[in-house]
Amino acid sequence: MSAESTPEPGIPGDTGTDGPRQGTAGRRRKPRAKRRRGLVVTAWTAAGIVVLGGTGVGYLYFKLNGNIKSVDIDQALGTDRPTKVDNGSENILVLGSDTRSGGNKALGGGTDDGSARSDTAMVVHVYRGHKKASVVSIPRDTLIDRPACTDTKGDTHDAASGVMFNSAYSTGGAACAVKTVESLSGIRMDHYLEVDFSGFQKLIDELGGVRVTTSKAIKDTDSHLNLKAGTHQLDGEQALGLVRTRHGVGDGSDLGRIQLQQAFVKALVDQVKHVGLLTSPKKLYDLADTATKAVTADSDLGSVNSLMSFASGLKGISSSHMHMVTMPVQYDPANMNRVIVQKAKAKQVWTALENDRAIPKSATRGNATGDAKGVVTSS
């Protein structure tokens, strides 16, 4: 189900209005979501005129459309998947890729061995009505049983036991990552979005940076981050360093890094809502150009129209209506650098999302956590 087709509940005046037709003229102004979509389309048209010098909106559309990379997850995974739940909600697997090849090497460090891992993994559950969301971060160091899968090239990969979660992506790319998350959660991923290092940095720069406050200094030579305690307008490189840092703050664990990532995502959501894109057609175009180059999406989202419709359906969600948790885990007694799933509590999380309900507090208590909560907040 696309974001545009999801019903928007609770619009005053939709029912129970009596009286002659001329007395209800104001009702035509109430579907604000449609009006906002109209403004977005108008801005795209204006962007085409400003940036391309009047050469035509068609050229603009095809240029942006050509930027988008897509993967056919449905074709690769076939029918052996959890049943799609048609309750108006959506589940999106968002991955940050830590490939060290090409333009990402200078940003990511490490060895250019041609491989890539899912440095960041979040399941975003958008509730019916698209007014709130729950985000479940999956620690990359979680030891799991990875299912057999087929990648988008048609190559098959054997199942494996007791391997790190992020090995799924390095083994079989997006399709195997989705297969693994669906096996782990028991719920179907409706969409897939991936952003790599360089794309993330460019997006933040195009937005004009993100404002955060740090309660203590953060210095991590591995992620190239050096921040004093205080308020900062992070540029793209600093933002990338923040969401990747694990040794510069807290206990140095992946769980601490997740806490930083979750705080940054909330700050980013707040920042986007304050960017005056509709008042600057060129800025809108530049951001659209950068965004469409930065992301890889599933084939259902692999066009400008689909991405616009999807994004339009999410714009009503503010940071205050985002509930961010980490999949319940505990440290592995055999290796404290790894974590294992707390199956009973994790089941509570996934069952709640499958039924479009809030995640119960009992599922988030007593789990292994990092030591970076509250270090970064929105400004």
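Just so you know, all these numbers are worked out from the coordinates, no wet-lab data involved. All figures in this text were calculated on a predicted structure; none of them were measured in a lab. Cβ: placed from backbone, ideal geometry, glycine included. Neighbour counts: every protein chain shown.
Tabulated data for the structure shown
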| item | result |
| --- | --- |
| Shape call, segment 166-298: gyration tensor on alpha carbons, a/c limit 1.5 | oblate |
| Dimensionless Rg/Rh of segment 224-379 - Kirkwood Rh, Rg from C-alpha atoms | 1.00 |
| Residue 362/residue 286 FRET efficiency (R0 51 Å; Cβ-Cβ; nearest 0.05) | 0.65 |
| Lysines whose Cα lies under 20 Å from that of residue 345, excluding same-chain neighbours fewer than 8 positions away | 361 |
| Among the listed pairs 69/202; 216/315; 132/202; 132/283, those beyond 22 Å (Cα-Cα) | 216/315; 132/202; 132/283 |
| Above-threshold pairs, the threshold being 32 Å between Cα atoms, out of 266/347; 179/228; 228/266 | 179/228 |
| Theoretical gain in end-to-end length, residue 74 to residue 215 [0.36 nm per residue, Cα-Cα removed] | 46.4 nm |
| Loop trypsin sites (Lys or Arg not before Pro), segment 268-361 (other Cβ atoms within 10 Å of the site Cβ: 16 or fewer; DSSP) | 315, 357 |
| Long-range amide H partners of residue 332 with built H, under 5 Å | 338, 339, 340 |
| Under 12 Å, Cβ to Cβ, from residue 337 - net charge with Lys/Arg +1 and Asp/Glu -1 | -1 |
| Spin-label model distance (nm) - residue 86 vs residue 351, 7 Å beyond Cα toward Cβ | 2.6 |
